[in-house]
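Each value in this text was obtained by applying a stated rule to the coordinates, not by laboratory testing. Remember, predicted model here, so these are calculated numbers, not experimental data. Cβ: placed from backbone, ideal geometry, glycine included. Neighbour counts: every protein chain shown.
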């Protein structure tokens, strides 16, 4: 990253902080001091249809989400999206106890009446949630799960305030777990723009745990360069664990060049643990590709003996007929049958 880019990012962070520092107050959102309140906002493009499901089959009706229960998790189903979401917040004496965002059509259940304040501009709603997530307000969110739900709610909001707030949290929040959550949602929900922020974190962050988590997030993102960026990370990161995880997440993308990149790494990677993880990564490719790649490693006498043995081990764990046939040939040859 060049100096101009760094300066631009620094100026952007200042601008973001300024925008978030002008919060929408409870009065402006007409929030009660006690009980549940909800409002509707526009969702980010291709927002998942978050609800609670008793059946994963498309077209089946959702079940009501119990807002008062932490155990009643919500999720989406493949291919189902929404244009609008509804934010739910529970307050007690003006203190926020819960925040959750669900599809606007998702049925809910609460132990008390839910006050509906109608539609709210996505930027205004995102600014309010972003204020909750600032370190200075850590005492407002009394349980970590509330913070996780608030980050998810922020991520699904349309608009620049949500995008900028997530980017700021991901890049500079003092709480590592909060940063990782923001990294995930940027990659998962915020399109190419979010993926670009996460990719920069993956290459430049000082914390190897955060870089490793960013690699996972990049593998799920819409970045057209995801595979090539993961290859570069796995080849160049200064931390062996991050390099090894780079190969793993590359395999999970099922990118066409994964086998070739891993084969090259086995020949030049000096860290044994990274080569071990790279061979395991080959086993995570689609079955036919995994079998061919592992057999190629097992048969390549120019590679380290230990690496070839690892390839044989992962072939032995496969249910592929081709893998089992190869192992039978190896056993037969050793016996001299």
Exercise. Quick one: helix 160-172 against the long Cα principal axis of the chain, what's the angle to the nearest 10°, folded into 0 to 90?
Worked result: 60
For this session: Note the angle between two axes, namely the Cα long axis of helix 144-155 and the longest principal axis of the Cα atoms of the chain, as a number of degrees from 0 to 90, rounded to the nearest 10.
Result: 90
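How much length, in nm to one decimal, is gained on full extension between residue 95 and residue 192, taken as 0.36 nm per residue of separation minus their Cα-Cα distance?
Taking residue 95 through residue 192 to full extension adds about 31.4 nm, to one decimal.
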For this session: Could you please state, rounded to a whole Å, how far the C-alpha centre of the stretch 309-329 is from the C-alpha centre of the stretch 39-90?
Result: 42
Exercise. Residue 332 to residue 304: extension gain in nm, 0.36 nm per residue of separation minus the Cα-Cα distance?
Worked result: 7.8 nm
For this session: Compute the length gained on full extension between residue 174 and residue 260: take 0.36 nm times their separation in residues and subtract their Cα-Cα distance, giving the result in nm to one decimal.
Result: 27.1 nm
Exercise. Helix 240-253: angle to the longest alpha-carbon principal axis of the chain, degrees 0 to 90, nearest 10?
Worked result: 80
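If each DSSP helix of 4+ residues adds -39,500 (n - 2.57) and the sum is divided by the residues in the chain, what number results at 222 nm, nearest 500 deg cm²/dmol? Write down the numbers at each step before the final one.
Details: 14 runs with 184 residues, N = 337.
Roughly -17500 deg cm²/dmol at 222 nm, from the helical runs in the chain.
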For this session: With a ≥ b ≥ c taken as the square roots of the eigenvalues of the C-alpha gyration tensor of the chain, please select rounded if a/c is under 1.5 and otherwise prolate if a/b is larger than b/c or oblate if it is not?
Result: prolate
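Evaluated at 4 °C with a viscosity of 1.567 mPa s, what Stokes-Einstein diffusion coefficient in µm²/s does the stretch 247-337 have when Rh comes from the Kirkwood expression over alpha-carbon pairs?
D, rounded to a whole number, is 99 µm²/s.
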Seminar exercise, completed: Place a point 7 Å from the Cα of residue 204 in the direction of its beta carbon; the residues of the stretch 154-174 whose amide N falls under 12 Å from it are 171-172
